[in-house]
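A.B. asks: I have a structure here, written as structure tokens, and I will follow up with some questions on it.
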Amino acid sequence: DTEVTQTPKHLVMGMTNKKSLKCEQHMGHRAMYWYKQKAKKPPELMFVYSYEKLSINESVPSRFSPECPNSSLLNLHLHALQPEDSALYLCASSLQVWNSPLHFGNGTRLTVT
Amino acid sequence: AQSVTQLDSQVPVFEEAPVELRCNYSSSVSVYLFWYVQYPNQGLQLLLKYLSGSTLVESINGFEAEFNKSQTSFHLRKPSVHISDTAEYFCAVSSSGGSNYKLTFGKGTLLTVNP
């Protein structure tokens, strides 16, 4: 069982929809991350939050909007996505940014139609 | 800048055979090294890590990896694999000093264990 919980597990959305991905951890970690993973590829970093503040945005298109309401929660708001955005979206957390191992959730499998 | 090279994209082996998954890295500063495993339809799980100290690190399920600074390698080994070890394995590196702490992943090695 993973200690990082992501919902939903699967999501199908049209290009005009607005949806949100959610991530939760209760390990007291102060760094949280969003990654995007395409099939047979390694995860690609999208965003990093440290102490609830956005510290890294890897030039992600504005149709992806992250939010960190508190130290346990991380959201990714989606709007006007493209079919090429279909992927596995992984959330991760660590004690502090980068200096300790990342704990990953099982991801949300997103399909954009 | 740091980088990770996983030399084999796929490694097929028979059950109970030994296996080695190769990983080389480059970095201008001291590093932390990790192996993550990803089973089908799941996220990544930390398999083992090298942060400091003993250069040989072991996991609870029989895998081990050795940090070799002179060869800039962190190869993953298991003396006898099981069908359940079939998965994608990612080697990753982050810098332990300087301004670039970002975790960099290799492209992954698909280990397939056949009966």
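A.B. asks: All but one of (1) surrounded by 20 or more Cβ atoms within 10 Å (Cβ to Cβ); (2) under 21 Å from A:H103 (Cα atoms); (3) within 14 Å of chain A (Cβ to nearest Cβ); (4) touching a residue at least 40 places away in the same chain (Cβ under 8 Å) hold for B:L48, so report the exception by its number.
C.D. replies: Result: B:L48 fails condition (4) only.
A.B. asks: When you look at A:E24, is it in a strand (DSSP E or B), among the acidic types (D, E) and free of Cβ contacts under 8 Å to residues at least 12 places away in the same chain, yes or no?
C.D. replies: Against the criterion (in a strand (DSSP E or B), among the acidic types (D, E) and free of Cβ contacts under 8 Å to residues at least 12 places away in the same chain), A:E24 does not qualify.
A.B. asks: State yes or no: is B:T86 more than 14 Å from chain A (Cβ to nearest Cβ) and at positive phi? Talk me through it step by step, then tell me what you get.
C.D. replies: Working: more than 14 Å from chain A (Cβ to nearest Cβ): yes; at positive phi: no.
For B:T86, the condition - more than 14 Å from chain A (Cβ to nearest Cβ) and at positive phi - is not met.
A.B. asks: Would you check if A:T5 is within 13 Å of chain B (Cβ to nearest Cβ), more than 22 Å from B:K102 (Cα to Cα) and buried (at least 17 other Cβ atoms within 10 Å of the Cβ)?
C.D. replies: no
A.B. asks: While we're looking at this one, here's another question. Residues of region B:36-55 being of a type in the set (F, W, Y) and part of a loop (DSSP other than H, G, I, E, B), which ones?
C.D. replies: B:Y39
A.B. asks: Another question, then. Filtering region A:79-113 down to residues that are more than 8 Å from every other protein chain (Cβ to nearest Cβ), more than 11 Å from the chain's Cα centre (by Cα) and crowded, with 20+ Cβ neighbours inside 10 Å, which residue is farthest from B:Q45 (Cα to Cα)?
C.D. replies: Once the filter is applied, the top-ranked residue is A:L81.
A.B. asks: Could you list, in sequence order, the residues of region A:1-21 that are of a type in the set (D, E, K, R) and assigned to a loop (DSSP other than H, G, I, E, B)?
C.D. replies: A:D1, A:E3, A:K9
A.B. asks: Scan region B:89-99 residue by residue and report those that are modelled with pLDDT of 95 or more and at the interface with chain A (Cβ under 8 Å from one of its Cβ atoms).
C.D. replies: B:F90
The values are calculated or read from the model by the stated rules, or taken from the named source; none is laboratory data. The structure displayed is predicted, hence computed values, not measured ones. Don't worry about glycine lacking a Cβ; one is built from the backbone with ideal geometry, like all the others, and counts go over all protein chains shown.
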